[in-house]
Every structure is written in structure tokens, then in C-alpha cells.
Amino acid sequence: GLLAAAGAAGLTGLATGAAAGHAAAGARAEPDSALAPARGRAGAREGLPPALLAPTPAQVHLIAVDLRGEEGDGVREAARRVLRTWSRQARDLHGHGLADLVEGAPSRGLLPASLGVTLGLGPSLLTRAGLADRRPPQLEDLPAFASDRLEPEWCGGDLLLHVGAEDPLVLSSAVGHLLGAVAADVRVRWSLPGFQRSAAAARDPAATPRNLMGQIDGTVNPHPSDAVFGPQVLAAHPAGPLGWMDGGTYLVVRRIRMLLDDWFALDPADREAAVGRRLSDGAPLGGAAPDDLADLSAAGDDGDPVIPRDAHIRLASPENTLGARMLRRGFSYDLGWDAGGERRAGLVFTAWQADPRAGFTPVQRALDEGGDALGPFVRHEGSALFAVPPAREEGPWTAHDLLG
Ligand code: HEM
């Protein structure tokens, strides 16, 4: 929400790298409205991946792939070919969109629609490529959590392709183009498309969107112009074996199914108590406005806390997690119903941080240990961790200093 607001409020002046590519829309000098209904895309910092520019795109597709090839040199060379190709293609796509690149593309004639490509490297890539000594401790495998209900086929991956756009056809076309170019080197492991309400439906495009449970989700997040944004979200590694991640960020992806029938069977007041925020406007219980700080010490007339002991925002708060922080970007997914008649819908949860050991992990532990009131209504079915090197539109290909 805050990021989106920042974009709308005109951080464009600070835009660099990928963001400038979006705004300029290539050499054809299209007017800003060429991005419509995309709205301009602004990033406040050099190196911020397109996935973190604001406003958040209406559509995303996350695709985790494994590399083919012999362990060691084979995997390493495949990684080099794939990352070189995707980096070059991402630059072209950010500049022109797909239309001019491929004869007969499905997106022919369409505008770039704020297409943004972000690339990540999984821990398994470093192991399989024989680069264990270049693996940052921040990329240590996530521990098991009490709430895990993980399906192995929805976990892990050597590389992540994260593509966002305002338009589903533009997105699909770009994903097809990117994967088609590396088909000989990769096998798709899992993929998950996500969405938010689009500009066509948003009365206020800068407002924080709702998830499928009907909650305003994304209110409390570090803002790129905060002094703490860098230390909390961006990795700092001195030059040396881990220097390839200096200025990058570590991404945790969780595929979280929502048990929506059970959730909507609750009274609205119980739904509000489970999160600790009002359904109507997302304000913390006891607060007046959405951006008010949650008062975790307030008690009602009965002496009970206004924000219950097991409320999601109490358990996830920095007060309860030794100051843990991350940047959350959630998207909904809705894949219809499976063969057993169960709805396959939920949250594509993404958390971006300088160090998952001080971000996602302590927060998930606190949610588990405190008996998160949202817990019975969600099921963590997929999990993955990626290193996202800094995005530099002008520099060499992504992770060249690791693999080059
Ligand atoms: C806050 C929903 C999973 C961490 C919130 C809020 C909602 C929400 C509605 C309040 C508004 C906001 O600040 O964004 C959900 C749902 C989830 C989920 C529906 C699962 C389907 C998670 C997970 C984590 C997490 C897996 C991390 C391990 C947080 C944090 C906050 C938050 C750190 C802000 C707490 C604060 O106020 O300081 N979540 N969440 N959430 N959530 Fe979640």
C-alpha cells in the first residue's frame, strides 16, 4: 500500500534502471498513456528489482525451473546461458514490450503494459553448479515450520522467473517468449500465476488491495524512501565470494491455500479479531484510520486486549519477533476447483528481505508458536527461497559475477 502510494505520489523523479525503461517505453517515444491502464511505474532505488517497483502490477506469473545438465560444469554452463538470455530479453521487453521482438506474437499491437521481469537463483543451483562456497548464509534452506503442509512438487527450484504486467495477454506472451528461448536448458518445476484487482476496477489505484479473504493486505510494509528500507530489504555483502549479491534481496515464496468456505462461515467480528484489523477499511482494532499504528497494549472494558493475543498482526509484529521485518507483496491465485471439488485459491505470498533468517523465519515461527488465529483457515502448500541479484539495466547480465 505504501509502495503503491509512493508511486502515485510521484517518486518517478528518482526512477532509475528498470523503472526508467518502463517510463520511456523504448525509442518509439510513446506517450505516458501508452502504459495505460498500467499507470507509470516508479522505483526509488538503483538495483531494485522490477517486482518491487510501484504500483504493483495486476498480474504476475512465478515460474521455478530446474536446469538440465551434469552436476558441476554442465549445470553451471546451463545457468550461464539461461541468465544471459533472460537478462538480454528482459532488457528488450522493458524497453519495447514483446510486440516488435517476435513475428506473430500474441501480444502484437499491444502496449508494454508495465511488463517487468525479475530473476532469482535458488540454493539448489549453487549446490548443483559446484558453487557451494559462493552461497550466502542468507540463502540457507528454510527450516521446517509447524504449519508446513508442503507438496514437494510446489517447492524449490534452481531459478525463478517472476514476470509482472498489467495485462494477462502481454504477460502470457512474455512468459512464453522467455521460456521458449531456454527450453533446451530448463524444465519447469512449478508455476503459479497471481493477480490483484486491476486498474479497471480500482476506484483508487494507490489504495492497498484486498486478498481473497476480503482483508486489506499489505498495509504495514517498509517504504523505499525510509532510511530503514535498505538495511531491512537489501543485502549488503562486501566484495569477495558473496559480492555477487551486494545490493540484491532474498525472496521467500509461499503458496498458501485459503480455506475460503470456512473463513466466510465466521462472523465478520471473528474475522476481524483473527487479523486484528477492521474489514471495512483495514484500520487496526481500536484505531481510527488504516495507517494508524496498532495499539497492542490497549485493553477493553473486560480487561481483554483489544487486539486479541492470537491476532495475526500481534504475532507478526516487530514487537513480538525481535524486530523482524520484510517487504510483503501478496497476490491472489484462483485456479478453480480440483477433481475432489476443493477450491484451489489462496495467496501467492512473497517476502523480500536482506536476510530471511532475520525476516521471514522468525515471523513464521512466531505465528506458529502463538497459534495464529488465521492458521486454521490457510494451508502452506509450497515454499521456495531465492537470491535476487541487483537489477541493473545497463550492466552485464544477472549474476555474471557469480557465473561469468
Ligand atoms: C499483516 C493477511 C500470511 C507476515 C497482515 C495483515 C493481513 C494479513 C490482512 C494486516 C494488514 C497488513 O499489514 O498487511 C495474511 C494472510 C496470510 C498471511 C491472509 C496467509 C494466507 C503471512 C505470513 C507472514 C505474514 C506467512 C510471514 C511469515 C505478516 C506481517 C504483517 C502481516 C509481518 C504486519 C504485522 C504488523 O502489523 O507489524 N497479514 N497474512 N503474513 N502479515 Fe500476514
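What follows draws every value from the coordinates through simple rules; no lab data is involved. All of these numbers come straight from a predicted model, not from anything done at the bench. Virtual Cβ from ideal backbone geometry, glycine too; neighbours counted across all protein chains shown.
Here are some notes:
- Cα centroid separation, the stretch 327-387 to the stretch 297-313 (Å): 25 Å
- Its residue count N sets the reference 2.2 N^0.38 Å, and the alpha-carbon radius of gyration of the stretch 82-159 equals 1.54 times that reference.
- Radius, Kirkwood style, for the stretch 194-283 when every pair of distinct Cα atoms is counted (Å): 16.5 Å
- Spatially, the stretch 192-208 and the stretch 249-268 are offset by 18 Å when compared through their Cα centroids.
- Dipole check for the chain: with +1 at the C-beta of Lys and Arg, -1 at the C-beta of Asp and Glu, and the Cα centre as origin, the magnitude is about 960 Debye.
- Charge-dipole axis of the stretch 147-209 as Lys and Arg at +1 and Asp and Glu at -1 on Cβ define it, positive-most pick from VAL186, SER147, PRO209: PRO209
- Contact order normalised by residue count of the chain, Cα under 8 Å, 6+ apart, percent: 23 percent
- Mean Cα-pair separation over length for the stretch 176-307, i.e. relative contact order, pairs under 8 Å, 6 or more apart, %: 13 percent
- Gyration tensor (alpha-carbon) shape descriptor, the chain, a/c threshold 1.5: prolate
- When you filter the GluC sites (Glu not before Pro) in the stretch 301-404 for DSSP loop state and at most 14 other Cβ atoms inside 10 Å of their Cβ, you are left with GLU342, GLU394.
- Calculated mean residue ellipticity, 222 nm, the chain: -6500 deg cm²/dmol, from DSSP H runs (n ≥ 4) at -39500 (n - 2.57) each, averaged per residue and rounded to 500.
- The stretch 89-218: C-alpha pair distances exceeding 19 Å, %: 64 percent
- Of ASP261, ASP246, ASP338, the one that fluctuates the most in a GNM where the chain has Cα springs shorter than 10 Å: ASP338
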